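See structure below.
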Amino acid sequence: MPLVPDQDLVLFASSLADDARRISNKFFRQPHAVSSKSDGTPVTIADLEIEQHLRKAIGQRYPDHGVYGEEEGLTGADTRWLWVLDPIDGTKSFTTGKRTFGCLIALLYQQKPILGIIDMPALDERWIGVQNQTTLHNGYPCKVAQTNVLTDATLNATTVDMFDPQEWQIFCRMSEAVRFRQFGADCYAYGLLALGYTDLVMEAGLGRFDYLALVPVIEGAGGCISDWQGEALTFHSAGQALASANPALHAQALRLIASAK
């Protein structure tokens, strides 16, 4: 029987999201320096302060848990419980004043995500997904759309820059099959899918901190999320993600991906 996080863990995860929201809003649309990491992606004082704060809080409350964060990497690699943190998902949006940046918090048990939070600090929206429970949006249950054919679906991705040439070709094939496509929502697109306002999100080049929190949120709303081969997303996945509103739509999208290779 799958392990389900107890209420104390869920409440603690929510408190982490509260703290991250407070810190990010303190810096949002305020002058601050933007640095570049070794991979060319931006990082701000907000990213660093949030992760440091969350790491400290987790260490004090659950000293036997590991933490994997975007900014400081992995500590406690051999633990059964692992928190995966993206302090600001969409740092480019954050630094350019767009409200679609978020905070992603996942809790893994034996390297599989069992709790996930998508928090949108500037939009005052939060999704909490817990394995085998209904996803909550601002405290209320949410549900995916019933769109079950690609020709009626809306497709999302954050940016064209995340795809390599072959992935871009496959994404364009998917774009031709759906009703229309959109770009630029960062993790917000997955939250909107869980609410029933969009149907597909297809992305690549993701870090573990980008996709693991999404799994319980999407699945708890009735949707499907996997890699591009249909395999479950775990700590060891390669960074491609496909989220769909329902199993029928997911199966069609996976067939198209397979045929486009």
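Please treat every number below as a calculation from the coordinates, not as lab data. Please read all numbers here as calculations on a predicted model, not as lab measurements. Glycine also receives a Cβ, built like all others from the backbone with ideal geometry; neighbour counts cover every protein chain displayed.
Miscellaneous remarks
- Asp164-Ala251 pseudo-label distance in nm [points 7 Å out on the Cα-to-Cβ vector]: 3.1
- For the chain, a simple Cβ point-charge model (Lys and Arg +1, Asp and Glu -1, everything else neutral) yields a dipole of about 400 debye relative to the Cα centre.
- Ranking Asn148, Phe28, Gln229 by Cα position along the charge dipole of the chain, where only Lys, Arg, Asp and Glu carry charges on their C-beta atoms, puts Asn148 farthest toward the positive end.
- Charge dipole of segment 150-260 (Cα centre as origin; +1 on each Lys and Arg Cβ, -1 on each Asp and Glu Cβ, all else neutral): 200 debye, rounded to the nearest 20.
- The chain: relative contact order as a whole-number percent, Cα under 8 Å and 6+ apart: 17
- Whole-angstrom Cα spans of segment 4-143 along principal axes, big to small: 41, 35, 24
- Dipole magnitude (debye, nearest 20) for segment 7-141, charges at Cβ of Lys, Arg, Asp, Glu: 280
- Cut-off under 5 Å, modelled amide H: who pairs with Glu70 long-range: Leu85
- Total formal charge among the other residues, if their Cβ is under 13 angstrom from that of Leu155, Lys/Arg +1 and Asp/Glu -1: -1
- Of all lysines in the structure, the ones whose alpha carbon falls short of 28 Å from that of Lys26, not counting any fewer than 8 places away in one chain, are Lys37, Lys56, Lys92, Lys98.
- Angle of helix 7-27 to the longest C-alpha principal axis of the chain, folded into 0 to 90 degrees and rounded to 10: 90°.
- Classification of segment 150-260 by its C-alpha gyration tensor yields a rounded form. The axis ratio a/c (a ≥ b ≥ c) stays under 1.5.
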